[in-house]
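Worksheet for the structure shown next.
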Amino acid sequence: MKKIKPAFLPAILILCLLIGSIGNLTSVLGVPALLVVVLLGAGLYFGAPRLDHLSTRQLRWGIGLGLLAMLIAQVVVLHVMPNTVYHDPYRVLSQADQLAAGHMTWDITYFWRYANNVPLAYLLSLWLRLTQLVGLSTNLSVHLLSILVLDSFIALALHTIWQLSQRASLLVVAFGFFALSPFAYTYYLQVFYSDLPTMLVLLIIIRSLLNWSQKTSRQRWFAGSGLVVAVMLGAMLKPNLVVLLPALLIVGLILARQHLWRQAKLTLPILLIVLGFGLSLPATKVIDVAANYQPRTAFSFPATNWILMGYNQHSNGGYSGKDVGRAIKQPSQAARQRYNLKTIPKRIKTLGVVGVIRLWVVKLGIVLNVQGIQHWYNGGFRAAPSWYSNHAGFYQGLTVIGYVAATLLMWGALMLKLLRWRPDLTDPHQILALLAVTTALGYLAFHTLLWEVEPRYGQAILPLLWVALAAIPRQASQSRPRWANQASLLNGATALLVAFGAAGVLGAQLPQKQVITAQRSQLSVQYHAKPKTVTPGTVLAEVVDVNAPANYFSVQIHAGSQVQVTLTNLATGQHYRLTMAGRVARLHHQLAAGQYRITVQNLTTSGQQVDVTHTYHYQLAAHPLTVNGQSQPTASLIYTCMQR
């Protein structure tokens with residue numbers, strides 16, 4: 001049996017996950033999350049043998065019923081607590097809605113700046129057109145797509161984990177991670193964007209390589225076709241999928257050094273992966289033509305813009321509004337490139353060796369931070385139920401503890417396996433594990449050493465980590481004492497008490513700015529979104545549901561606009577006059593729960609500009625915007641109601 005020397009790449013991944021773990025424990029909820037991890041870890045250690053004795057029939061029924069319950073809960077969440085999608089996902093959704101309505105124009109500069117989202121917008125528009133044929137609304141279509149992609153990913157991940165490990169205990173733990181943690185009910189359910197499809201594509205790619213050498217010619221033909229399509233789509237949706245190529249090269253060199261290349265029989269799938277990347281370029285051009293999209297270099301950013309932000313110590317390598325503002329002021333893409341190439345070396349020199357290493361560590365901690373999963377691209381619930389708003393600190397705390405604990409528990413189990421793993425590359429499953437580890441390191445290196453970072457980015461490696469955890473062989477299990485089952489149940493119950501107790505006590509210490517109701521979806525002034533010109537005497541009005549007490553209300557108007565904005569309690573008739581502050585009209589006053597009406601009036605003798613979000617078929621808020629009494633169901637003011 002041929003084995004490589006003590007594993008170097010797994011050791012690097014362990015170091016990365018340790019840094020990520022520390023980063024996830026820095027908030028006030030870090031200690032209870034760590035305690036939950038320890039309790040659940042001990043409980044699973046004691047209870048694993050009993051879980052492993054579950055029959056296949058018991059597993060199928062248990063997991064099947066669990067997934068059904070998960071689906072029901074997802075539908076309830078989407079119905080009761082739809083959120084206001086904002087920033088990039090909304091711009092993609094708005095453009096897809098426009099294309100699906102047959103308006104093949106690109107009216108804002110966003111897609112000229114970020115052309116990588118053009119394929120996503122076009123593909124989403126095809127889905128909207130398809131669902132319109134069967135009478136589904138755009139809102140329902142997007143929710144259905146989110147559920148289909150999310151639950152397909154979860155089901156495929158569970159199936160892959162079972163195929164690789166054949167361990168009931170690991171399958172149950174994976175089910176708990178996906179279906180019992182916030183993973184299935186927050187960002188990936190409520191916001192459709194490229195992150196989840198990329199994770200699904202990665203999982204499909206890895207699955208296509210599973211047991212490749214044992215596949216029949218027919219099976220290879222189907223798997224190979226799926227592999228090419230998956231890589232092509234993945235490269236169009238997220239260009240950083242290219243890290244798969246150096247990962248394959250590294251694994252190939254290791255196999256060649258061990259004289260196992262022929263035995264692995266990976267030449268054909270690697271060629272198919274390269275073909276998929278190659279086809280993504282003409283496929284993108286085809287989509288550009290079909291969508292009537294024409295790039296404009298006057299607005300586009302060169303790749304060095306993201307490298308520049310990646311070495312901005314003031315933003316910790318994350319998105320920098322100042323850097324983007326400077327880039328916008330440059331007259332051309334070439335000018336931006338010259339500025340970036342001049343500035344990047346200066347920033348690295350200013351940081352110095354110690355500063356660069358420190359920045360890398362900080363960026364790694366950010367890219368692996370999962371505490372904010374509920375808030376990624378979520379501008380707040382459209383009208384949060386009173387039971388949620390009145391106890392928001394508790395629910396938000398429970399979400400943080402739940403997902404941090406689930407993530408660290410999985411990372412911890414993987415790190416323990418990686419510590420003892422000496423890859424046996426005669427085993428196809430371990431080759432797959434090595435590829436998963438290497439690709440995960442590629443993603444982390446890309447964002448840590450080169451690109452800018454956001455916490456969402458690190459989630460791309462999630463399917464890779466689960467594949468590695470399932471594919472690395474387990475060590476010989478040790479016997480458990482008789483009291484192990486009782487200890488397992490006790491630990492699990494204690495972990496729940498800690499999570500709920502800490503969420504209740506410490507949740508109140510979380511940031512107190514709680515969105516009660518909002519409609520924050522907009523195309524943004526920075527991307528040259530056009531405001532609505534309100535003629536003299538025109539009245540805009542929109543009803544808003546405020547389901548819990550609040551003390552702040554704002555309506556985005558437009559810089560320099562002179563309009564009168566009032567808020568009326570429909571039950572009491574009490575009026576509140578909002579005061580202008582820049583481009584926003586604000587009210588600081590205690591507001592009781594109930595229905596309110598926003599009224600925007602142009603009392604001047606000239607036209608005034610007001611920021612109004614308008615779509616073709618996507619309903620932005622529960623109540624329509626009315627213009628001089630005429631209802632516009634797919635238009636809305638931009639407003640935020642909060643308890644501060």
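A few points about this structure:
- Neighbours by Cβ (under 7 Å, 6+ apart or cross-chain): first from the stretch 565-586, among the hydroxyl-bearing types (S, T, Y); second assigned to a strand (DSSP E or B) and open to solvent by 100 Å² or more (accessible area, probe 1.4 Å): T566/H575; T566/R577; T568/H575
- Scanning the stretch 603-614 for residues that are open to solvent by 30 Å² or more (accessible area, probe 1.4 Å), over 25 Å from G380 (Cβ atoms), hydrophobic (A, V, I, L, M, F, W, C) and in a loop (DSSP other than H, G, I, E, B) turns up at least one hit.
- Hey, P345 over 31 Å from the mean Cα position of the chain (by Cα) and part of a loop (DSSP other than H, G, I, E, B) or not: no
- Every residue from the stretch 540-562 that is in a loop (DSSP other than H, G, I, E, B), touching a strand residue (DSSP E or B) at 6+ places or on another chain (Cβ under 7 Å), more than 19 Å from H588 (Cβ to Cβ) and open to solvent by 20 Å² or more (accessible area, probe 1.4 Å): N547, H558, Q562
Here is a yes/no grid of residues against (1) more than 28 Å from the chain's Cα centre (by Cα); (2) surrounded by 21 or more Cβ atoms within 10 Å (Cβ to Cβ); (3) part of a helix (DSSP H, G or I):
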site: L203; (1), (2), (3): no, yes, yes
site: F222; (1), (2), (3): yes, no, yes
site: A230; (1), (2), (3): no, yes, yes
site: A247; (1), (2), (3): no, yes, yes
site: A256; (1), (2), (3): yes, no, yes
site: H259; (1), (2), (3): yes, no, no
site: Q263; (1), (2), (3): yes, no, yes
site: L271; (1), (2), (3): yes, no, yes
site: K285; (1), (2), (3): no, no, yes
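- In the stretch 628-640, the qualifying residues are those that are part of a strand (DSSP E or B) and out of contact with any strand residue (DSSP E or B) (no Cβ under 6 Å at 6 or more places or on another chain), and the one that is least open to solvent (accessible area, probe 1.4 Å) is S631.
- Of all residues in the stretch 132-143, those satisfying the criterion of being part of a helix (DSSP H, G or I) and over 17 Å from the mean Cα position of the chain (by Cα) are Q132, L133, T138, N139, L140, S141.
- Of residues in the stretch 373-429 being assigned to a helix (DSSP H, G or I) and aromatic (F, W, Y), the one farthest from the chain's Cα centre (by Cα): W387
- Single match in H79, H87 (criterion: closer than 30 Å to D545 by Cα, surrounded by 17 or more Cβ atoms within 10 Å (Cβ to Cβ) and of a type outside the set (F, W, Y)): H87
- Hits in the stretch 362-393 (condition: touching a residue at least 12 places away in the same chain (Cβ under 8 Å) and surrounded by fewer than 15 Cβ atoms within 10 Å (Cβ to Cβ)): P385, S386
- Scoring S94 on the criteria (1) at pLDDT 95 or above; (2) hydroxyl-bearing (S, T, Y); (3) outside any helix (DSSP H, G or I) leaves a single failure, condition (3).
The values are calculated or read from the model by the stated rules, or taken from the named source; none is laboratory data. Every value quoted in this text rests on a predicted model; they were computed, and no experiment measured them. Neighbour counts are summed over all protein chains in view; Cβ atoms, including those assigned to glycine, are modelled from backbone coordinates with ideal geometry. Ligands, DNA and RNA are stripped out before the accessible areas are found, and what is left, the full protein with its side chains, is counted by its heavy atoms. Shrake-Rupley method; radii C 1.70, N 1.55, O 1.52, S 1.80 Å.
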